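A.B. asks: Can you read through this structure? Questions will come right after.
The values are calculated or read from the model by the stated rules, or taken from the named source; none is laboratory data. Owing to the predicted nature of the structure, the values given are computational and were not obtained by experimental measurement. Cβ atoms come from the backbone with ideal geometry, glycine included; neighbour counts cover every protein chain shown. Each accessible area value is taken on the protein alone, full model and side chains, heavy atoms only, with ligands, DNA and RNA left out. Shrake-Rupley method; radii C 1.70, N 1.55, O 1.52, S 1.80 Å.
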Amino acid sequence: MSHAWLPSPEIVEAANSTRFARAHGLADLDALHARSVADPAWFWDAIVGHLGIEFHRPYDTVLDLADGLPWARWYTGGELNLAHNCVDRHAAAPERAGRDAIRWEDEAGRTRRLTYAELADVVARCAAGLQARGVRAGDRVGLVMPVVPEAIAAWYAIVRLGAVVVPMFSGYGAPAIATRLRDAGAVAVVAGATLTRRGRALPLRQTVLEACAAAPSVRFVAVWDDEHGPGAADGVRGPQTVAWDDLVAGDAPATPPAMVPSEHPLMLCYTSGTTGRPKGALHVHAGFLVKTAQEVFFQADVRDGDAVFWLSDMGWIMGPWAMVGAHAAGATLVLYDGAPDHPGPGRLWELAERQEVTFLGLSPSLARALMAHGTAPARAHDLSRLRLFGSGGEPWTRAAYDWLARDVGQGRRPIINLSGGTEVAASFLSCDIAAPIKPCSLGRPALGMAVDVLDDEARPLRGAVGELVCRAPWPSMTRGIWGDRQRYLETYWSRWPDLWVHGDWASVDADGAWYLHGRSDDTLNVAGKRISSAEYEAPLLAHPAVREACAVGVPHDLKGETAWCFVVVADGASAGDALRAELTAVVEGEIGRAFRPGRVAFVTALPKTRSGKTVRRAVRAIATGGDPGDISVLEDIAALDAVRGAA
């Protein structure tokens, strides 16, 4: 059996997972995993005590299944606040108040640091500013920010009030932001004025204000402007806006964080569905805090003095994951605002050295991009503090995996590959520093996660690709899709009784190593960012020159997957380069530059069923040179030839 990582006995004994197991009389990681799944109430209660998570009012019951598995409730009867656990309790502890909570830098090399005491101060002042402008517990507040310390402070400030934070990818176009603000019923937005990538300043404020004009529930927008420095706000003031400096003006109030019930809403994190209407996955204070803290503690093996960095926008689930996990442990969160290979391919490694990163999370897409420049950029920097790599969001290629683990990591740093999702808010599968790791694998089910791989008859499957499911709830499981109880049940719980069906193809080999093989639905995975086919198709279909459209994901050397859009033009329209460029720009303007289509191709027809549904499976198979499978459902088989010719 070939392994990419075999931990030494010393590493095994020092690992957080081993120490936790020993503290509970368990021999090793295998025994810990078995008990965590067999007795979830014991495990999730033990985690609270081990990590020192503070409940203002102790909970009565760890797990309540009175309403069934899809509506499991955790830590019922308890009261707490996530922001208190991640910020205030550390600021109040003399041994941690002066520790770096945040280390930040940007493309230009500017750096800033905030201690826990400093972070607590700005969080309290931001919360007071929001409250003074009418934000109350339960209100939804959008967050569209560059990756700066103020984004972290605003996130915690919203949560401190008991309001619900709605983080959004800063690269979205105005229509995509507006859709999410309307769905959430957001009353306010905290935004950045600009977004800088590869030395170019993009007008984020303009995009957000345009979105808010189409979201009537938004009462005001608070804008952080970095044009002339961290606090500058020239040109921001107006009837619909408030400057960040005005929002956080004054001394920090003595008012403590709002202590809310364990199941109180914390965050609406949007992910795309196959219908094209984004799904607002609802997360709650206790569940998200406990599960995320547990994962970062074990997966990043966080210890005193560690610095956690995951390259992510706060609009993707890994941003809050790294933030909450690091801060729950009292560790340092490292932030980077910019492109990881700008101004050169050594930028990421330079950051890891300067900020003393111990856990570095990056996507397989980024690894593939950096691999093209060889190992010299990494070897030029002192990475002696770096102990683990993290990865997730998409499958690895063997070449990229070997390059990172063997050539950059020199066999001394495991790749902690993990996979879950926005709705999971954590991991179904994960490697562990204390266990052997096979190349490209996801190790095993994460602690406390009763996952399985099933065939079409819901029978456990090994040695072949099947459907990834979870047989039991977990604390950070979404509490439903915002405003659509039925859609939640249909999306995850309708295929088989009391089984969460995640929409991933997975397999388990003869040695017990787990692997993922892509999505089993129509959701694309572009550089680790999930977005539905329908979100590509909607702006195309709104164009007067388009009659039909179909978007599918195809493999891409750097991004892992990119979108190819197949278009049937309307009568009288002229298919050609000019229209292709126009349609590409329309999609980019609607959903953001990060999701720019890799190709727009014109076809005379799309393969459809007799009921009129486009068979994306067949389109993707033709586009990638694969087998379209059963085509008996197609109304016109000749449509496949049209796609084949365009591809």
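A.B. asks: Do we find a residue being touching a strand residue (DSSP E or B) at 6+ places or on another chain (Cβ under 7 Å), polar (S, T, N, Q), open to solvent by less than 20 Å² (accessible area, probe 1.4 Å) and in contact (Cβ under 8 Å) with a residue 24 or more places away in the chain anywhere in region 81-94?
C.D. replies: Yes, region 81-94 contains a residue that is touching a strand residue (DSSP E or B) at 6+ places or on another chain (Cβ under 7 Å), polar (S, T, N, Q), open to solvent by less than 20 Å² (accessible area, probe 1.4 Å) and in contact (Cβ under 8 Å) with a residue 24 or more places away in the chain.
A.B. asks: Would you mind finding the one in I47, I53 that is under 27 Å from the mean Cα position of the chain (by Cα), part of a loop (DSSP other than H, G, I, E, B) and crowded, with 18+ Cβ neighbours inside 10 Å? I'd like the intermediate steps shown before the answer.
C.D. replies: Numbers: I47 fails: part of a loop (DSSP other than H, G, I, E, B).
Unique residue meeting the criteria: I53.
A.B. asks: Spot the failing condition for G626; the list is (1) within 19 Å of V643 (Cα to Cα); (2) in a strand (DSSP E or B), and only one is missed.
C.D. replies: Answer for G626: the failing condition is (2).
A.B. asks: If you don't mind, another one. Could you tell me whether region 509-519 includes any residue that is part of a strand (DSSP E or B), on the phi > 0 side of the Ramachandran plot and touching a residue at least 60 places away in the same chain (Cβ under 8 Å)?
C.D. replies: Initial filter on region 509-519 (part of a strand (DSSP E or B)): 514-519.
Keeping just the survivors that are on the phi > 0 side of the Ramachandran plot gives 518.
Still in the list and also touching a residue at least 60 places away in the same chain (Cβ under 8 Å): 518.
Yes, there is a match, as at least one residue in region 509-519 is part of a strand (DSSP E or B), on the phi > 0 side of the Ramachandran plot and touching a residue at least 60 places away in the same chain (Cβ under 8 Å).
A.B. asks: Being modelled with pLDDT of 70 or more and open to solvent by 70 Å² or more (accessible area, probe 1.4 Å) is the filter; apply it to region 597-624 and report the residue that is farthest from E535 (Cα to Cα).
C.D. replies: Going through region 597-624, the residues modelled with pLDDT of 70 or more turn out to be 597-608, 614-624.
Still in the list and also open to solvent by 70 Å² or more (accessible area, probe 1.4 Å): 599, 604, 617, 620.
Details: R599: 16, T604: 22, R617: 17, R620: 17 Å.
Step by step, filter region 597-624, then rank; the result is T604.
A.B. asks: Within the set of pairs 6 or more residues apart or between chains, which connect a residue that is of a type in the set (S, T, Y) inside region 575-592 to a residue that is open to solvent by less than 20 Å² (accessible area, probe 1.4 Å) with Cβ atoms less than 6 Å apart?
C.D. replies: T584/P597; T584/V600
A.B. asks: Taking region 425-474 on its own, how many of its residues are in a strand (DSSP E or B) and either open to solvent by 10 Å² or more (accessible area, probe 1.4 Å) or within 30 Å of V324 (Cβ to Cβ) (or both)? Break it down stepwise before answering.
C.D. replies: Quick first cut of region 425-474, residues in a strand (DSSP E or B) only: 426-430, 437, 444-445, 451-454, 460, 466-470.
Within this subset, residues satisfying the condition of being either open to solvent by 10 Å² or more (accessible area, probe 1.4 Å) or within 30 Å of V324 (Cβ to Cβ) (or both) are 426-430, 437, 444-445, 451-453, 460, 467-470.
Residues flagged as in a strand (DSSP E or B) and either open to solvent by 10 Å² or more (accessible area, probe 1.4 Å) or within 30 Å of V324 (Cβ to Cβ) (or both) within region 425-474 amount to 16.
A.B. asks: Taking region 410-424, which residues are surrounded by fewer than 21 Cβ atoms within 10 Å (Cβ to Cβ), of a type outside the set (V, I, T) and on the phi < 0 side of the Ramachandran plot?
C.D. replies: The answer is R412, R413.
A.B. asks: Still on this structure: Using the structure shown, decide if G443 is under 21 Å from the mean Cα position of the chain (by Cα), over 22 Å from A510 (Cβ atoms) and in contact (Cβ under 8 Å) with a residue 60 or more places away in the chain.
C.D. replies: For G443, the condition - under 21 Å from the mean Cα position of the chain (by Cα), over 22 Å from A510 (Cβ atoms) and in contact (Cβ under 8 Å) with a residue 60 or more places away in the chain - is not met.
A.B. asks: While we're looking at this one, here's another question. Please go through region 95-113 and give me each residue that is open to solvent by less than 30 Å² (accessible area, probe 1.4 Å) and either touching a Gly at 6+ places or on another chain (Cβ under 6 Å) or within 14 Å of V334 (Cα to Cα) (or both), ordered by number. Don't jump to the end; show me each part of the working.
C.D. replies: Residues of region 95-113 that are open to solvent by less than 30 Å² (accessible area, probe 1.4 Å), as a first pass: 97, 100-107.
Result: D100, A101, I102, R103, W104, E105, D106, E107.
Residue by residue, here is whether (1) within 26 Å of C86 (Cβ to Cβ); (2) modelled with pLDDT of 80 or more; (3) in contact with a Phe, Trp or Tyr (Cβ under 7 Å, 6 or more places away or on another chain) holds:
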position	(1), (2), (3)
A222	yes, yes, yes
D226	yes, no, no
W244	yes, yes, yes
P257	yes, yes, no
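A.B. asks: What residue, of V141, V165, V135, is of a type outside the set (D, E, K, R) and in contact (Cβ under 8 Å) with a residue 60 or more places away in the chain?
C.D. replies: Values: V141 fails: in contact (Cβ under 8 Å) with a residue 60 or more places away in the chain; V135 fails: in contact (Cβ under 8 Å) with a residue 60 or more places away in the chain.
Testing whether each residue is of a type outside the set (D, E, K, R) and in contact (Cβ under 8 Å) with a residue 60 or more places away in the chain leaves just V165.
A.B. asks: May I pose another question? Right, V62: aliphatic (A, V, I, L, M) and either surrounded by 19 or more Cβ atoms within 10 Å (Cβ to Cβ) or under 17 Å from M449 (Cβ atoms) (or both) or not?
C.D. replies: Details: aliphatic (A, V, I, L, M): yes; either surrounded by 19 or more Cβ atoms within 10 Å (Cβ to Cβ) or under 17 Å from M449 (Cβ atoms) (or both): yes.
Judged against the criteria, V62 is a match.
A.B. asks: If V62 satisfies all but one of (1) in contact with a His (Cβ under 9 Å, 6 or more places away or on another chain); (2) at pLDDT 95 or above, what's the number of the condition it fails?
C.D. replies: Among (1) in contact with a His (Cβ under 9 Å, 6 or more places away or on another chain); (2) at pLDDT 95 or above, V62 violates only (1).
A.B. asks: Sticking with this structure for a sec: Might you check whether a residue that is assigned to a strand (DSSP E or B), in contact with a helix residue (DSSP H, G or I) (Cβ under 7 Å, 6 or more places away or on another chain), open to solvent by less than 40 Å² (accessible area, probe 1.4 Å) and touching a residue at least 60 places away in the same chain (Cβ under 8 Å) occurs anywhere in region 531-545?
C.D. replies: So the first thing to find is which residues in region 531-545 are assigned to a strand (DSSP E or B), and the list is 531-532.
Next, from what is left, pick out any that are in contact with a helix residue (DSSP H, G or I) (Cβ under 7 Å, 6 or more places away or on another chain): 531.
With open to solvent by less than 40 Å² (accessible area, probe 1.4 Å) added as a condition, the list becomes 531.
So of that shortlist, the ones also touching a residue at least 60 places away in the same chain (Cβ under 8 Å) come out as 531.
Yes, region 531-545 contains a residue that is assigned to a strand (DSSP E or B), in contact with a helix residue (DSSP H, G or I) (Cβ under 7 Å, 6 or more places away or on another chain), open to solvent by less than 40 Å² (accessible area, probe 1.4 Å) and touching a residue at least 60 places away in the same chain (Cβ under 8 Å).
A.B. asks: If I ask for residues that are more than 27 Å from E295 (Cα to Cα) and free of Cβ contacts under 8 Å to residues at least 24 places away in the same chain, which ones from region 455-483 would you list? First the steps, then the outcome.
C.D. replies: Keep residues of region 455-483 that are more than 27 Å from E295 (Cα to Cα), which gives 455-459, 463-464, 483.
If the condition is that a residue be more than 27 Å from E295 (Cα to Cα) and free of Cβ contacts under 8 Å to residues at least 24 places away in the same chain, then D455, D456, E457, R459 are the ones that fit.
A.B. asks: If only one of A506, A551 is in contact with a Pro (Cβ under 9 Å, 6 or more places away or on another chain), open to solvent by less than 10 Å² (accessible area, probe 1.4 Å) and outside any helix (DSSP H, G or I), which one is it? Can you show your working first?
C.D. replies: Numbers: A506 fails: in contact with a Pro (Cβ under 9 Å, 6 or more places away or on another chain).
On inspection, the qualifying residue turns out to be A551.
A.B. asks: Next up: Name the residue that is modelled with the highest pLDDT, counting only residues in region 1-39 that are part of a loop (DSSP other than H, G, I, E, B) and charged (D, E, K, R).
C.D. replies: Step one: filter region 1-39 for residues part of a loop (DSSP other than H, G, I, E, B), giving 1-4, 6-8, 15, 24-28, 39.
Then drop every residue that is not charged (D, E, K, R), which leaves 28, 39.
Numbers: D28: 94, D39: 97.
For region 1-39, the residue satisfying everything is D39.
A.B. asks: Output the number of residues of region 366-391 satisfying the condition of being open to solvent by less than 10 Å² (accessible area, probe 1.4 Å) and touching a residue at least 60 places away in the same chain (Cβ under 8 Å).
C.D. replies: 2
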